[in-house]
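Okay, so here's the structure we're looking at.
The values are calculated or read from the model by the stated rules, or taken from the named source; none is laboratory data. Keep in mind it's a predicted model, so treat the numbers as computed, not measured. Methodologically, a virtual Cβ is constructed for each residue, glycine included, from the backbone with ideal geometry; neighbour enumeration extends over all protein chains shown. We work out accessible area using only protein heavy atoms, side chains counted, and drop any ligands, DNA or RNA first. Shrake-Rupley method; radii C 1.70, N 1.55, O 1.52, S 1.80 Å.
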Amino acid sequence: MSQPTSDNNPNLSETATTKINTEINPEIGLSEAEVSDRKKRGDINVVVMRSSRTYQDIFKENVFTLFNVTFGVVLVLLIALGQVTDALFSGFSVFMNILVGVAQEIQAKLTLDKLALLSVQRITVRRDRQSLEIPVGEVVRDDLIELSPGDRAPVDGEVVISQNVEMDESLLTGESDPVAKQIGDLVLSGSFCLAGSCVFRAEKIGNESYAAKLSQSSRIYKRVFTPLQKKIDTLVEVFILVLIVAAFLHIASSLNSGRTMVDTIRYASVIINSFVPAGLVLSISVAFAIGAVEISKRRTLIQKINAVDSMNSVRILCTDKTGTLTQNKLLVKSIVPLGDTDENSLRELIALYTNLMGTQNSSARAMAAYTDKPRSPAKLVNEVPFSSSRKWGAIAIDIGTTIMVGAPEILLTSPEMQEKSKQYARQGLRAIAVVTSEASIDSQSLALPSNCRDRGLVLLEDSLRPDVIDTIAKLQNQNIRLKVISGDSVETVASIARQAGIAVPDEEIYTQKDLEAMESPVFGRAAASGAVFGRITPDMKRRLISAMVKRGGYVGMVGDGVNDVPAFKEAQLAIAMNDGAQISKDVADIVLLDNNLSALPQAFAAGDQIKQKILSSALIYLTKNIMVILTISFAGFVQLPFPVEPRQMTVLTMAMVALPTVWIAFGWLKPKRLENFLRDVLGYSCLAGIFGAIAMTIGYVFSYYISGWALLKVPNGSVMIDSLTFQDIARGQAQCVSTIIGTIFCLFVFWTLTNISIWKPKTFLKNQTAAVLGTVSLLLAIWMMLMFPTFFQVERPDQFGWTMIIFLPTSSYYLLRMFQSSKLSRKLPQYLSQP
């Protein structure tokens, strides 16, 4: 990557645009002793991995949530009032959720940080007259850093060699126009080289750099939520609003009924625990963390944790051609002289251009290998570096000739020659035009010289990646639509796309020129319907992605170059190749470490599995919460004592919510497929919660009055007990019956989720693990309450109570199934069927 200077490159004349800062010797750089001395002083760049959050972030986000803080205040009040046991049991499930969540996210962080080392930025520095590639964390102050197109500046520093370098500072300033840098100009960390090349001295490193100070002063982190996260967050917000209303009603009820302060706070903990599905939010974070680790086993680095869900949401996948569909191993198939130019003359022009240009891209390297060294001793006078936005590059040499190389439709003056280049492009070849002019070039205005002469075409071929056809087929089978957006000619792009197995009707092919002529509504429709877009500039690629997103598509973008970065920032899922430009990896959500598209179908499938686990956990959590909320409400309507104690609530939650979600999260059980959150999760949870609450309420009311009626007399029937004792015993028995009914009903819901029907015994044999785990969990919950009735504040059910325990959850669940198959169920609000 060493840049040419006048001392080591005889092709550079004194008037060339390569300029050298004489304050330091750019050929030598720091010596080994100087590097060692700076490391001892601590003048070394500090690198923070961006693959995962810090331990402090993990702890804060899992502990200091609105729910945890509110619930913590209630627990402190309970302890202050002497109700230590209730406080411990009320907070046990919350504490376990936090513990499991923190542990899983730390484990995921450790795994991803190790994997991130494979994707860490490496840069080229000059030391002891040699160009060395080192990790960015080993840069020391005063190092000479070389930048070529696609390289990101890791630190701030002054330019000491400039060869028409253009830097993109849009990630820092928001301005998309390239910024030319001359000798003495400041290169800012976070900017990246767009065209040309330069060498700059590392002056501000670590926290001193511009990018570091910007992040410290701003502290604004734009968090992008996936569709599932948005729905869950909306649901939690609704629950919190309802909780506020319920809190006022609970306080008013306590004041009117003369309830003690202890009971008021104890029951408040139950209400908060029921209304806010905190465990659901935490289980999503855990599922994302586990999913990121699982996907990383497929050599896919997750740089943003919620990208796990984004992979499942993607329905449009846009990809570049070169380096993604093809191997990016360009070879010159042939050169085609035009006009009166002979093949030897064309070969010499190509050799001069490729050997005198400052930085060679993949096309230039292929042409240089084909032509070898030029015969002419000409020297470079001026240069306009090639850029993907201009689609051409040029050099001026000291014999009075300007050589331009780039897109045929931009450079070629003859329509016949342009059509000829399109014919080659339709064969899947990349055609590059070579033209000359006797006029000079202006590196400031970047205008094409006049009186250009068509000299020839260079035909390059780039074969498909070996597994790309199979990969494209798998992605299409997952209902993902593929679109190819490339800077190459539209004919070449369409040919390659068809070879890869992408259906490309002629009416779905667009060029930059076509798109620029469209009004905004037409442009949006073209972006949504198009399959191939050719000769596209980076900004137009960004506009296309933005239009697709605005029209409701969930868009992923695969790329590897500098020209993909603007589109990456618009896409909802950015996927970079590991051997691509460093800046593309920096802004990507996912990095394919093996540079292989074949990892995507497996990663998308893994993302789908994670989403299914999240939806299943959500269904269980919401069913329990809605069921308990309605039971509390129904009991309040008939002015009966509070239907559930904190300790009983803990048993129900642990047995039928916490344990099943853990079994599902770790893959021990495979739930049935849920396609739609509103219909399959929220809609079913509301129905199941209503029917479960009806069963719990009937069991509670009947047990309180009918079973309690027998308690009005002692066994010999001679002595009446006082009303207070009656109320305590009747309430204890009613709460026991109601809690067991709710636990059994939740078990039926859990079994339904794992494809077990209580009406079909064969399903128990097909899903033995779920059957055994569910049964053991239920029996354990019942055993705990019956063996320790005093501790759990219950009374053992009598014969009538056991009859309701057997009959009510079974009949209520049967009615739920009947309702689901009825016409009334099919006429539920249409929004439940919308994605």
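Just list whichever of 39/379; 373/513; 304/474; 60/230 have alpha carbons separated by over 30 Å in the model shown. Those over the limit are 39/379; 373/513. Summarising the label geometry, the points placed 7 Å from Cα in the beta-carbon direction at residue 334 and residue 422 lie 2.1 nm from one another.
Does the stretch 490-569 come out rounded, prolate or oblate by the C-alpha gyration tensor, with a ≥ b ≥ c the root eigenvalues, rounded set by a/c under 1.5 and, if not, prolate when a/b is larger than b/c and oblate if not? Rounded.
When the chain is fully extended, how far beyond the present Cα-Cα distance does residue 676 get from residue 513, taking 0.36 nm per residue of separation?
Once the chain is fully extended between residue 676 and residue 513, it gains 54.7 nm.
Per residue, the average separation of C-alpha pairs within less than 8 Å and at least 6 apart gives the stretch 378-465 a relative contact order of 26 percent. Residue ranges 345-351, 318-324, 464-470 sort as 318-324, 345-351, 464-470 when ordered by packing (mean number of other C-beta atoms within 10 Å per residue, highest first). Using the Cβ-Cβ distance between residue 769 and residue 522 with R0 set to 56 Å, the FRET efficiency from 1/(1 + (r/R0)^6) comes to roughly 0.50.
For a modelled paramagnetic label at residue 728, 7 Å from Cα along Cα-to-Cβ, the residues of the stretch 772-813 in reach, with backbone nitrogen under 13 Å, are 790-791, 793-795. Near the amide H of residue 456, within less than 5 Å, lie the amide hydrogens of 338, 434, all on another chain or at least 5 residues away, with H placed in the peptide plane. Answer rounded, prolate or oblate for the stretch 543-632, using the Cα gyration tensor with square roots of eigenvalues a ≥ b ≥ c: rounded when a/c is under 1.5, else prolate when a/b is larger than b/c, else oblate. Prolate. Once C-alpha pairs closer than 8 Å and six or more residues apart are averaged by separation and normalised to the residue number of the stretch 617-690, the relative contact order reads 59 percent. Per-atom-type breakdown for the stretch 293-394 gives carbon and sulfur 47% of the accessible area (1.4 Å probe, protein chains only). The modelled label-to-label distance for the pair residue 569/residue 41, using points 7 Å beyond Cα in the direction of Cβ, is 3.6 nm.
Computed on the stretch 736-811, with alpha-carbon pairs under 8 angstrom and 6+ residues apart, the relative contact order is 46 percent. A straight chain from residue 33 to residue 529 at 0.36 nm per residue would run longer than the Cα-Cα distance by 172.5 nm.
Taking other residues whose beta carbon is less than 10 angstrom from the beta carbon of residue 205, and scoring Lys, Arg as +1 and Asp, Glu as -1, yields -3. Placing a label point 7 Å from the Cα of residue 760 along the Cα-to-Cβ direction, none of the residues of the stretch 683-700 has a backbone N under 18 Å of that point.
Listed by chain and number, the aspartates and glutamates whose alpha-carbon sits under 15 Å from that of residue 297, ignoring those within fewer than 8 places in the same chain, are 113, 594. In sequence order, the stretch 385-398 has phi-based couplings of x, 5, 9, 5, 7, 7, 6, 7, x, 8, 10, 10, 10, 6 Hz under the Karplus curve 6.51 cos²θ - 1.76 cosθ + 1.60, θ = phi - 60°, and Gly or Pro positions carry x. Distance between the modelled labels on residue 262 and residue 54, one decimal in nanometres: 4.5 nm (7 Å Cα→Cβ projection). Each of the peptides 149-159, 777-787, 628-638 was scored by the mean count of other Cβ atoms within 10 Å over its residues; in descending order, highest first, they stand as 149-159, 628-638, 777-787.
Backbone amide hydrogens, once placed in the peptide plane, bring residue 142 within less than 5 Å of 202, 203, excluding anything fewer than 5 places away on its chain. Oblate is the label for the stretch 616-657, because the ratio a/c of its alpha-carbon gyration tensor axes (a ≥ b ≥ c) is 1.5 or higher and a/b is not greater than b/c.
Computed extension gain for residue 99 through residue 686, at 0.36 nm per residue and net of the alpha carbon distance, reaches 208.4 nm.
Given a 1.4 Å probe and every protein chain left where it sits, what share in percent of the accessible area of the stretch 618-683 is carbon and sulfur?
63 percent
If the cut-off is 14 Å between C-alpha atoms, which aspartates and glutamates fall inside it for residue 611, apart from same-chain ones fewer than 8 positions away? Straight-distance partners of residue 611: 294, 309, 675, 680. In this structure the amide hydrogen of residue 167, modeled in the peptide plane, comes within under 5 Å of the amide hydrogens of 179, 180, 181, 194, none closer than 5 places in sequence on its chain.
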